[in-house]
Amino acid sequence: MLELKLLLCYCSFVAFSLSFLIKLKLHRNVQTLKTLSVKLSNEYSGESISVASKNEIYLSFEYLKRLDERCCRLSSRESEFMLSFWSEALQCFQIYPNVSSERVSITTTCNSLSTILANPSHWQQYATWDGTNDRTSSGTDKISLSRIIDSILKTTWSLDSFQNPVLIHTLCQLNCFDKTDPKCLSAYEMLLKRRSRLVHHRKQPVSAYLRYQNVRALLALAENDLIPDLTLLDPTLCTVGYALERENIVSFDELCRQLAFYRSGDNANFDVIVLAYSLLSYFETSQSFYLSKFARGVVPVTNTKIIESALSVIFQSQFSDGTWRKGEPINSIGNSGTRDIGNNYVFFFDLLASVLGSIGDARPELLIPYLPQLERCLTWAETNIQKEMLPDIFDPVTGRSYGAVVQGWRSNHLGSGGAVGWCTSQVFLGLSGLRKLLRSLITSNILTEFGGQPAASSPATGGVAVGQQRDWLGLMDADLELAGQTSSLKQELFSRLLQPLERKEANVLLSLKKPAQEAAVMELSTLSPIYSAILFGPPGTAKTTICTSMASYLGWNFLTIDTACFLSEGLQQIASRMSYIFNRLKALERTIILLDEIEEFCLDRENPNLTMESRMLTTAMLTQLNELRRKQSCVFIVATNRLRSFDAAVTRPGRFDVLLFVGTPSLAARTKRLAGKLKTASFQKHAPPESNSESNQQRHQAVIDFFEQYMLRRWDELRFLTFAENEALLSAVIDLAIRNELAEEAMDLRIDVLLRTATIQGAVKAEYMASERMSRV
């Protein structure tokens with residue numbers, strides 16, 4: 001019996017062991033299959049299994065802000081590095097520092113000018129279009145871009161396939177391409193002669209890099225309206241539109257070929273440099289407004305899937321240090337040989353700057369998955385700064401040389417040596433593009449988090465779009481009393497905020513370009529905009545609408561922060577939430593920020609009934625507002641119905657630039673609004689027969705005259721009607737006019753009904769009248 005029990009126990013143990021081993025093997029097989037699946041997925045799709053979670057990390061405010069700060073640290077040294085290559089004698093930027101030369105380095109100078117134009121706010125301190133009588137803070141003369149252009153124009157142009165497109169693109173950027181000058185015409189003709197041709201199919205005579213430079217030059221000519229008259233040119237040449245069409249077809253074909261080589265594992269034929277510049281040529285030609293207008297249906301809509309796939313392959317092909325392999329040479333000699341020297345291969349920061357300036361500028365969301373790869377490039381720039389001392393002075397006693405220290409970068413394809421001018425300018429151009437991308441992503445994330453409105457796209461012609469102006473012009477104005485003088489709310493906001501900001505933004509770039517009218521540039525530089533305001537007044541006076549209209553006029557983003565934003569994590573977390581919100585607001589640029597009804601965080605600290613927590617919140621809010629004002633990268637506006645409840649430190653002079661009372665619409669604004677509504681009103685249905693001959697214009701004027709007289713008679717009480725109530729009043733006037741019942745008695749009945757539920761009455765009316773004279777500028 002005992003032996004039987006032992007046998008049963010042994011059998012049970014064996015069965016359990018076999019079952020466990022089978023399960024373990026199955027588990028391992030499943031894990032192996034999962035690992036293999038992940039590897040295959042990564043290999044063929046280029047995507048991680050946790051793309052969404054990784055994107056969240058890369059798009060986090062902290063990550064983006066950290067990258068932006070690193071870019072800023074390097075970019076802040078841009079003038080320090082690049083001015084080492086400046087030659088005062090030749091009025092140009094040189095390839096190597098402190099090397100005597102008798103000729104202008106056109107390509108290096110053009111690269112440097114593009115870098116300066118990409119970071120105009122930094123270079124305003126060191127360069128202007130006309131440097132006469134302008135000096136830097138250190139007392140040295142500012143660089144004159146006009147004298148640089150003169151040096152370039154006086155130099156002999158080689159018109160080779162490398163120099164020519166870069167030169168034309170730079171001249172277009174600075175408004176210096178002369179459509180009638182024989183030298184410029186020759187350069188333009190060479191540009192067209194080197195266009196892509198379908199007859200060459202996949203053996204184009206110039207590299208993908210040079211074809212892209214040609215595209216940039218052609219588009220610069222088209223977009224700046226600098227295309228020469230055909231009568232001045234060789235009649236056998238094609239047009240710009242035709243050349244761009246052909247490049248679009250050739251680049252798309254080469255783009256698809258390179259993707260096929262990569263996906264099939266054909267490393268012998270795959271070339272990441274050819275892929276990248278074919279992508280850029282295809283993207284820019286297919287996105288071009290000029291080409292889409294001209295192309296007669298030849299060029300299809302941009303294929304976003306192909307672009308995404310190409311970007312994935314480009315960044316998968318990147319080395320761990322941020323560089324890419326040499327790829328196709330820039331220039332070839334004859335039919336068989338190539339110039340196998342370092343500067344004949346694309347410097348990877350040149351490629352990076354092109355991607356960021358093209359795709360990153362137009363479609364920044366496409367580069368979000370590749371932020372870690374872009375960070376590698378940034379790390380390379382931080383860790384590969386070349387330093388050398390120029391031996392200006394030699395001490396025979398110590399045997400040491402003393403002189404200026406030159407810093408910059410050198411292409412990864414060049415041998416050992418010091419910094420090079422064109423490499424240094426290309427790194428800074430790439431950093432400017434990376435900063436623009438990061439700030440675009442930061443702004444987009446903040447607006448999304450707090451429900452803000454992104455800026456409308458800028459018009460192709462530049463300046464303020466008609467639609468943006470319409471929002472502001474259609475806004476009803478209100479009377480304003482300032483130090484005993486009568487003004488208007490819109491007049492003060494336009495003259496002190498909108499116009500100066502609009503002109504300041506234009507002046508930053510215009511000061512570096514050849515001006516169309518020199519006097520206009522001088523006028524722009526004398527205006528100083530405001531960056532903060534308190535708009536106070538009763539409810540219903542359209543304070544929020546005023547702010548959104550200003551954002552629309554400027555083409556800026558708009559964001560509202562109210563009490564609910566600060567209370568979203570509970571009363572106990574208000575202080576930390578305040579820091580969280582303001583850290584993000586200080587990172588914004590070109591945004592109108594409306595702090596709506598935040599009275600509870602700015603209460604008078606002298607009030608004995610106020611708790612210690614409320615006093616501390618007021619102090620914290622004052623600190624945050626002061627820091628936001630010092631940034632001067634956004635305009636922030638506090639809107640309130642109760643200005644007199646604010647702490648004295650909030651409203652004292654110096655805390656906010658202006659305090660403006662927002663009242664109800666003026667009589668002139670109400671009359672103008674009525675005139676606009678009458679244009680769409682129909683009087684035909686209820687018009688009596690004897691009035692058929694009366695013109696609409698005469699009837700409209702009669703209604704307007706009656707309205708003005710009636711409003712003047714009862715203005716002391718009707719002036720308190722808000723914007724919404726005024727709309728009801730105007731509707732009543734038009735309705736009575738259409739029915740031919742417009743008379744004082746009928747109007748009195750309508751008005752009496754309206755006044756019973758008016759917003760501004762009683763204590764609100766008393767507060768209104770007490771606040772009317774509290775505006776300050």
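The values are calculated or read from the model by the stated rules, or taken from the named source; none is laboratory data. Bear in mind that the values here come from a model prediction, so they are computed numbers and not experimental data. Cβ coordinates were reconstructed from backbone atoms using ideal geometry, including for glycine residues, and neighbour counts include every protein chain displayed. Only protein heavy atoms, including side chains, enter the accessible area calculation; ligands, DNA and RNA are left aside. Shrake-Rupley method; radii C 1.70, N 1.55, O 1.52, S 1.80 Å.
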Sorted by packing (mean other beta-carbon atoms within 10 Å per residue), highest first, where do 662-674, 377-389 land?
662-674, 377-389
Keeping all protein chains in place and using 1.4 angstrom, which order do H700, H200 fall into by accessible surface area, from largest down?
H200, H700
Could you give me D for segment 699-777, from Stokes-Einstein at 25 °C and 0.890 mPa s, where the hydrodynamic radius is the Kirkwood radius over C-alpha pairs? Units µm² s⁻¹, please.
178 µm²/s
If each of T180 and A456 carries a label point 7 Å out from its Cα toward its Cβ, how far apart are those two points in nm?
3.8 nm
Could you sort S75, S552, S682 by accessible area so the largest value comes first, with the probe set to 1.4 Å?
S682, S552, S75
Partners for K765 among aspartates and glutamates (Cα-Cα distance below 14 Å; same-chain residues under 8 apart left out):
D716, E717
Out of residues 5 or more away from A127 or on other chains, whose amide H comes under 5 Å of its own, with H placed 1.01 Å from N in the peptide plane?
I143
Report the label-to-label distance for L233 and S121 in nanometres (one decimal), using points 7 Å from each Cα along the Cα→Cβ vector.
3.8 nm
What does the extension gain come out to for R147 and L567, with contour length at 0.36 nm per residue minus their alpha carbon separation?
145.4 nm
What ranking, highest mean first, results for peptides 415-426, 269-280 when packing means the other Cβ atoms within 10 Å averaged over each residue?
269-280, 415-426
For segment 152-166, in order, what is each residue's ³J(HN,Hα) by Karplus, 6.51 cos²θ - 1.76 cosθ + 1.60 with θ = phi - 60°, in whole Hz (x at glycine and Pro)?
5, 5, 7, 7, 5, 8, 6, 6, 6, 5, 8, 6, 4, x, 5
Sorted by accessible surface (1.4 Å probe, heavy atoms of the protein chains only), largest first, L117, L730 come out as L117, L730
Label points 7 Å out from Cα along the Cβ direction at Q697 and R652: separation in nm?
5.9 nm
In Å², nearest 10: area of W324 left accessible to a 1.4 Å probe:
10 Å²
In the structure shown, of K305/K513; K504/K586; K154/K513; K490/K677; K436/K514, the pairs separated by more than 30 angstrom at the C-alpha atoms are K305/K513
Length gain on complete extension for the stretch R630 to E62, per 0.36 nm per residue less the alpha carbon to alpha carbon distance?
202.3 nm
Could you tell me what a quarter of the Cα convex hull surface of segment 533-577 works out to, in nm² with one decimal place?
4.5 nm²
Just check segment 582-664 against the gyration tensor rule for me: Cα atoms, a ≥ b ≥ c as the square roots of the eigenvalues, rounded for a/c under 1.5, and otherwise prolate or oblate depending on whether a/b exceeds b/c.
oblate
Suppose R0 equals 22 Å; then what is the FRET efficiency for E613 and R642 from their Cβ-Cβ distance, rounded to the nearest 0.05?
0.65
Within segment 174-225, which trypsin sites (Lys or Arg not before Pro) sit in a loop by DSSP and count at most 15 neighbouring Cβ atoms inside 10 Å?
K179, R197, R202, K203
Roughly how much of E247 is accessible, in Å² to the nearest 10, using a 1.4 Å probe?
10 Å²
